[in-house]
Amino acid sequence: MSFFTVENLSAGYGSRKIIEGVSFSLEGGTLTGVLGANGSGKTTLLKALCGILPHQGHCTLEGQQLEGLSPRQLGTLCGYIPQRSGLSLHLPVEEVVLMGFNPRLGLLQRPGAREKALARKALAQVGLEGLEGESYLTLSEGQKQLCILARALAASPRLFLLDEPESALDPARRWQVLELLTGVLNRTGAAGLVVLHDPALALNFCHQLLLMGEGKLLGSLDPRRDSPQKMEEALSRIYGPVTLTRSRDKTGREHLVLLNEWRETP
Amino acid sequence: MPRHKGFLAAAALTALAVLAAASLFVGKYPLTLSGILSGEEMQVRVFWTLRFSRTLLGVVGGFCLGVTGFVFQTVFRNPLASPDIIGVASGASAGAAFGILFLSGAAAVTLASFGGALGAVVLCLALARLDPSGKNSTILLSGIAVHALAQTVLMALKLTADPEKQLASIEYWIMGSLNGVSLSSMGPALFIIPLSCLGLCLLHRQTLLLALEESEARMLGAAVGRLRLGILLLATLGVAATISLTGLISFVGLLAPHAARLLTRDNRTGTLLLSGLLGGCILTGADLLARSLGPTELPVSLFTSLLGAPFLLWLVFKGGREV
């Protein structure tokens, strides 16, 4: 039995269906990337999985069906990281991270010393140590994204649902964040589903790739096992003609490099 | 500007204590501490029947308006939000007008105004429930509709009022005043207001979650619809209990939260309490001016508006637009 299973998921806005008949499964300790062109339904998929959007179909996490769970139960199991947080309040960074513990606390209960220690540890993990007392609104967009990531990490959910968590980060920080995430998943046995715009990141960090197109799951890839030819063919369905090569950096680490074949628009 | 929380709390408490003391002793009939302590009959009577209840209402009512203003701005993610955004003030005015026309006695008017405020908010929230998505914007639109309805009722009641007595009473009530409040008429409010403020302070961590996008708040374990309903009703109880005694008081609920945030630069529970203390200072100070400056007593809102309108303009043009 898989760690997380999605069966025949359909969702949309009002009567307009955005994704239809999506089924897949994730294993514990792994990171799965969702790739697709704009409007292919990636964000809708994440929102449906965490119950923000009403949907048909079933999601089962470690044997527990997610549909019908209260927001508190759902928040304990799943950590959702939106593209941008809607927070527009002056609040200290540490306080924002402590919000992540809300599903585990009573209605009137306040975070204690244990939660504060975990929040500080998570902030250090994402490289925001020393900024605990700064106002969230004074952070750069990239730092805000890291703060929201720390909020999810501190709460240790069983399933991470991340919507472009690296979009405001510089290239070096993107790699660090995905390395951190895969390390956390490996250690805790939790699973992660991450929507990424950059296929290079997905190819080099994810254990599995889900390819979305026009609201449907076009297929899945295993970047560590599948041949470059097979991956080229699948990725070409999303991005147009691409070339995939393996290349080593100066430290000897192997990377999958994706090259877009530029063609003049007819 | 000093931002040490302890210093700010001590400064606000001292200012409130000084204003409250001034409010107890300053007025048309000046009181002295020695006169009261020596049991001089007239002084003791004025102290207990006029000054004490009036000062208590200024402090407690102002605190409540400061706290609830802070909560409304946070929940609606709008720096200009006030309790009237969901029809509290217009409902209270219509209720008070009904009380003045058809009931007798100050207590009945207070009760009618409280009922009007609460009724308007319940109607607003019930209308908003017709939209299953339960968005903030639906509540705001319902609030506008209820406000318009309450204004129509108020207008109709004014048309039927006796222009010599009843109409003047309605207008005077709408202008707001702490005059004529007795300890006995404050009884229920002295129970409701602390309960509302205590509840809002205890729930403040949840109120902050409502300042996020709804989906984000939900994924942080907040049952957004139920939570917002509970917090708004709790805040409304406090505001309704206050303005049913004072009449409409402008700007306190807008000014105090912004002033508190400007001082602390955050939105934690300490800032919520500071907003309450500043609300108490503003209302007590405005009442002090209202009964000291003119030959007759002036409306409190005249002074809160004199302070509030320039502050609002400064807020719009200078910054501080974040909640």
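Note on chain A: helix-only mean residue ellipticity at 222 nm, from DSSP H runs of 4+ residues weighted -39500 (n - 2.57) and normalised by residue number, equals -9500 deg cm²/dmol. Values of log10 I(q)/I(0) for the range B:162-208 across q = 0.13, 0.32 Å⁻¹ run -0.55, -1.04, by the Debye formula with one identical scatterer at each alpha carbon and no solvent. Mean projected area of the convex hull spanned by the Cα atoms of the protein assembly as shown, taken over all viewing directions: 33.3 nm².
Residues considered: B:55, B:160, B:207. Largest GNM mean-square fluctuation over chain B, using C-alpha springs under 10 Å, is found at B:160.
For the range B:258-323, with only Lys/Arg (+1) and Asp/Glu (-1) charged at the beta-carbon, what is the dipole magnitude about the Cα centre, in debye rounded to 20? Spell out each step's value before the answer.
Working: 6 positive and 4 negative charges, 52 e Å.
So the magnitude is around 240 debye.
In plain terms, the chain from residue A:138 to residue A:229 could stretch by 28.1 nm, reckoned as 0.36 nm per residue minus the Cα-Cα distance. Structural descriptor for the range B:77-206: relative contact order 27 percent, calculated from alpha carbon pairs under 8 angstrom and at least 6 residues apart. Evaluated at q = 0.08, 0.10, 0.11 Å⁻¹, a Debye calculation over the C-alpha positions of the range A:4-226 (equal weights, vacuum) places log10 I(q)/I(0) at -0.27, -0.43, -0.52.
Which values, in whole Å and largest first, are the semi-axes of the equivalent ellipsoid of the range B:72-205 obtained as the square root of 5 times each eigenvalue of the Cα gyration tensor?
Equivalent-ellipsoid dimensions as semi-axes: 28, 20, 12 Å.
Normalise the Cα radius of gyration of the range B:214-265 by 2.2 N^0.38 Å (N = residues in it) and let me know the number.
Numbers: Rg = 15.0 Å, N = 52, 2.2 N^0.38 = 9.9 Å.
Ratio of Rg to 2.2 N^0.38 Å for the range B:214-265: 1.52.
Over all directions, how big on average is the projection of the convex hull of the alpha-carbon atoms in the range A:155-266, in square nanometres? Write down the numbers at each step before the final one.
Values: hull surface 35.7 nm².
The Cα convex hull of the range A:155-266, projected and averaged over all directions, gives 8.9 nm².
The calculated 222 nm mean residue ellipticity attributable to helices in chain B amounts to -24500 deg cm²/dmol, summing -39500 (n - 2.57) over DSSP H runs of n ≥ 4 and dividing by all residues. Inter-label distance, residue B:34 to residue A:172: 7.6 nm, where each label sits 7 Å from its Cα along the C-beta direction. Highest average first, the peptides B:59-72, B:90-103 ordered by how many other beta carbon atoms sit within 10 Å of their residues are B:59-72, B:90-103.
Multiplying the sequence separation of residue A:260 and residue A:180 by 0.36 nm and subtracting their Cα-Cα distance, what value in nm do you get?
Working: separation 80, 0.36 × 80 = 28.80 nm, distance 2.79 nm.
Additional length available on full extension: 26.0 nm.
Across peptide A:77-89, what mean number of C-beta atoms from other chains lies inside 10 Å of a residue's C-beta?
Numbers: counts 0, 1, 2, 5, 2, 5, 0, 2, 3, 8, 7, 8, 12.
Partner Cβ neighbours, averaged per residue: 4.
If R0 is 30 Å, the Cβ-Cβ spacing of residue A:188 and residue B:122 corresponds to a FRET efficiency of close to 0.05. In loop segments of the range A:101-185 as defined by DSSP, the GluC sites (Glu not before Pro) with at most 14 further C-beta atoms inside 10 Å of their C-beta are A:129. Each 10 Å bin from 0 upward holds the following percent of the Cα-Cα pairs of the range B:1-129: 11, 24, 28, 24, 10, 1. Residue ranges A:71-77, B:234-240 sort as B:234-240, A:71-77 when ordered by packing (mean number of other C-beta atoms within 10 Å per residue, highest first). Both radii come from the Cα set of the range B:116-182: Rg as radius of gyration, Rh as Kirkwood radius; their ratio Rg/Rh reads 1.13. By other beta-carbon atoms within 10 Å, ranking A:93, A:126, B:18 with the fewest at the front produces B:18, A:126, A:93. Its alpha carbons considered, the range A:32-93 gives a radius of gyration followed by a Dmax of 13.9, 40 Å. With the convex hull constructed from alpha-carbon coordinates only, the range B:178-267 shows a mean projected area of 7.1 nm² over all directions.
Between residue A:88 and residue A:108, what FRET efficiency comes out of the Förster formula 1/(1 + (r/R0)^6) with R0 = 25 Å and r the beta carbon distance, rounded to 0.05? E(calc), rounded to 0.05, equals 0.50. The smallest convex shape that holds all Cα atoms of the range B:5-318, its convex hull, gives 138 Å³ per residue.
Round to the nearest 0.05 the FRET efficiency obtained for residue B:18 and residue B:152 when R0 = 41 Å and r is the Cβ-Cβ distance. Efficiency, from the Cβ-Cβ distance: 0.40. The Kirkwood radius of the range A:141-215, taken over pairs of alpha-carbon atoms, gives through the Stokes-Einstein law at 4 °C and 1.567 mPa s a diffusion coefficient of 101 µm² s⁻¹.
Taking N as the number of residues in the range A:1-65, what is its alpha-carbon radius of gyration divided by 2.2 N^0.38 Å? Mind showing how you got there, number by number?
Numbers: Rg = 11.8 Å, N = 65, 2.2 N^0.38 = 10.7 Å.
For the range A:1-65, the normalised Cα radius of gyration is 1.10.
Considering only Cα atoms, the convex hull volume of the range A:83-173 works out to 104 Å³ per residue.
No lab work stands behind these numbers, since they all come straight from the coordinates. What you see is a predicted model; the values in this text were computed from it and never measured. Reconstructed Cβ throughout: ideal geometry from the backbone, glycine too, with neighbour counts over all protein chains shown.
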